[in-house]
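Below is one structure, written out as structure tokens; comments come after it.
Each value in this text was obtained by applying a stated rule to the coordinates, not by laboratory testing. Remember, it's a predicted structure, so these values are computed and weren't measured experimentally. When we count neighbours, we look across all protein chains shown, and the Cβ atoms used for this are built from the backbone with ideal geometry, even at glycine.
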Amino acid sequence: MITVYKKKNIPKGIELVKLNDIYFNKYTVELLDERAVFYISKIDASEYVSKYMIKSRFGGEVLNIDKLSTGCKTLLNIFYNPDIIFDIRECGENALDLIYALPEGNIYCDYPLISFDMTVVRVAEKKEYRIIDEYDELKEWWASEN
Amino acid sequence: MKIKPVIFDKIQTSHTSFVVDLTTDNNITFIMGDSGVGKSAVFSFLQEIAAEDKRIRCFNYLDNKKNYKTTIKKSKGKLFIIDNADVLLDDNMRHYISLDAENQYVIIGRNPTGLLLSYDELYELESTKEGNIVRFTLKKCNI
């Protein structure tokens with residue numbers, strides 16, 4: 001399951017990435033493998049051709065992989081970098097649904113940003129972690145001051 | 001502040017096989033929706049018309065550390081097209097933009113909070129294929 005962080009609860013020493021496009025283009029792109037095919041297809045309706053190339057949903061042109069959507073790049077950042085926290089504020093609903101279904105990964109946002117399909121997440125409290133398996137409870141936790 | 005567009009009521013351009021045909025009903029046009037539907041692609045096409053028309057300025061995440069806020073506040077008679085708005089626009093800028101009747105805005109993002117927009121000012125991108133041509137237009141957001 002993914003772990004959700006609020007600003008006050010980010011542990012020292014863990015990197016928080018807010019500009020997902022740049023991080024993907026510089027680092028995550030080097031980590032991609034066949035596991036990326038599914039996510040690129042589901043979110044961007046594009047075909048993963050090779051490490052640096054995709055086939056666009058619009059007309060089938062082969063494009064550099066930097067043309068993936070920010071939402072898709074954010075998911076791939078989370079998936080391939082489980083030791084880093086990524087801001088999800090630019091993700092559309094389709095990307096959010098898949099992010100909340102990831103087997104692991106760390107997400108952050110200033111405000112509640114929750115998939116309606118969420119089942120269970122781990123949230124970071126000040127000194128410990130807690131499991132939440134209901135949308136409303138997660139929303140309440142996220143919106144609270146603590 | 002809901003007012004008619006002060007600069008353009010239509011924004012049109014083409015880029016190879018892509019046609020952008022946006023009708024702006026209000027001074028702020030907020031474009032949201034799923035990831036991967038072409039929002040940032042449209043932004044990149046609009047950057048090209050900004051190169052030819054001084055009334056248009058474009059900002060995205062690459063401008064995060066630049067003086068885009070001051071530029072906006074000092075401008076009159078401009079159309080600002082802003083991608084990655086969730087990263088670029090803080091609460092103060094959103095408040096400023098919501099009350100700015102001197103400039104027009106097309107804002108691409110997810111969260112319209114603070115812009116004082118009503119539901120009928122929120123749009124999604126729609127793409128239709130006509131032969132080899134892909135045409136991007138706006139449709140009211142389905143909320």
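How large is ³J(HN,Hα) for each residue in the range B:5-19, as worked out from phi by the Karplus curve 6.51 cos²θ - 1.76 cosθ + 1.60 (θ = phi - 60°), to whole Hz, x for Gly and Pro?
x, 8, 10, 10, 9, 9, 10, 10, 7, 9, 9, 6, 8, 10, 10
Using a Förster radius of 25 Å, what is the FRET efficiency between A:L102 and A:I22 based on their Cβ-Cβ separation? Nearest 0.05, please.
0.75
Could you give the angle, 0 to 90 degrees to the nearest 10, between helix B:39-52's Cα long axis and the longest principal axis of the Cα atoms of chain B?
80 degrees
Once you put a point 7 Å from the Cα of B:D21 and another 7 Å from the Cα of A:D66, both along the Cβ direction, what distance in nm separates them?
If labels sit at B:D21 and A:D66, their model points lie 3.1 nm apart.
Which whole-Hz couplings ³J(HN,Hα) result when phi for each residue of the range B:115-123 is put into the Karplus expression 6.51 cos²θ - 1.76 cosθ + 1.60, θ = phi - 60°, listed in order with x for Gly and Pro?
These are the phi-based 3J(HN,Hα) values: 8, 6, 9, 9, 4, 7, 9, 9, 10 Hz.
Suppose R0 equals 41 Å; then what is the FRET efficiency for A:A143 and B:Q12 from their Cβ-Cβ distance, rounded to the nearest 0.05?
0.50
Please list, in order, the residues from the range A:2-31 whose amide nitrogen is less than 12 Å from a point placed 7 Å along the Cα→Cβ vector of A:Y129.
Of the residues in the range A:2-31, A:2-5 have backbone N under 12 Å from the label point off A:Y129.
Could you work out how far apart the two model spin labels at B:K54 and A:V37 are, taking each label as a point 7 Å from the Cα in the direction of the beta carbon, and quote it in nm?
My value for the distance between the label points is 5.3 nm.
Tell me which residues come under 5 Å, amide H to amide H, from B:I107 once H is placed; ignore anything under 5 positions away on its chain.
Counting only residues 5 or more places away or on other chains, the set is B:T29, B:F30, B:I31, B:I82.
Can you check how the C-alpha radius of gyration of chain A compares to 2.2 N^0.38 Å, as a plain ratio? Mind dumping the intermediate values first?
On the way: Rg = 15.4 Å, N = 146, 2.2 N^0.38 = 14.6 Å.
Rounded to two decimals, the normalised Rg is 1.05.
So how far apart, in nm, are the two label points at A:T3 and A:R122 if each is 7 Å from Cα heading toward Cβ?
Those two pseudo-labels are separated by 0.6 nm.
Would you kindly calculate the mean projected area, averaged across all directions, of the convex hull enclosing the Cα atoms of the range B:3-48, in square nanometres?
Taking a quarter of the hull surface, the average projection is 3.5 nm².
Starting from the Cα gyration tensor of the protein assembly as shown, take the square roots of the eigenvalues, sort them a ≥ b ≥ c, and report rounded, prolate or oblate (rounded when a/c is under 1.5, otherwise prolate if a/b is larger than b/c, else oblate).
Oblate shape, in that a/c is at least 1.5 and b/c is the bigger or equal ratio.
Run the paramagnetic zone check for B:C141: 7 angstrom along Cα to Cβ, then residues of the range B:12-48 with backbone nitrogen under 12 Å.
B:29-34
Could you put A:K51, A:K42 in order, starting from the residue whose Cβ has the fewest other Cβ atoms within 10 Å?
A:K51, A:K42
Largest first and to the nearest Å, give the Cα extent of chain B along each principal axis.
44, 35, 27
Can you tell me how the range B:40-107 classifies by the Cα gyration tensor, rounded, prolate or oblate, using a/c under 1.5 as the rounded cut?
In terms of gyration-tensor shape, oblate.
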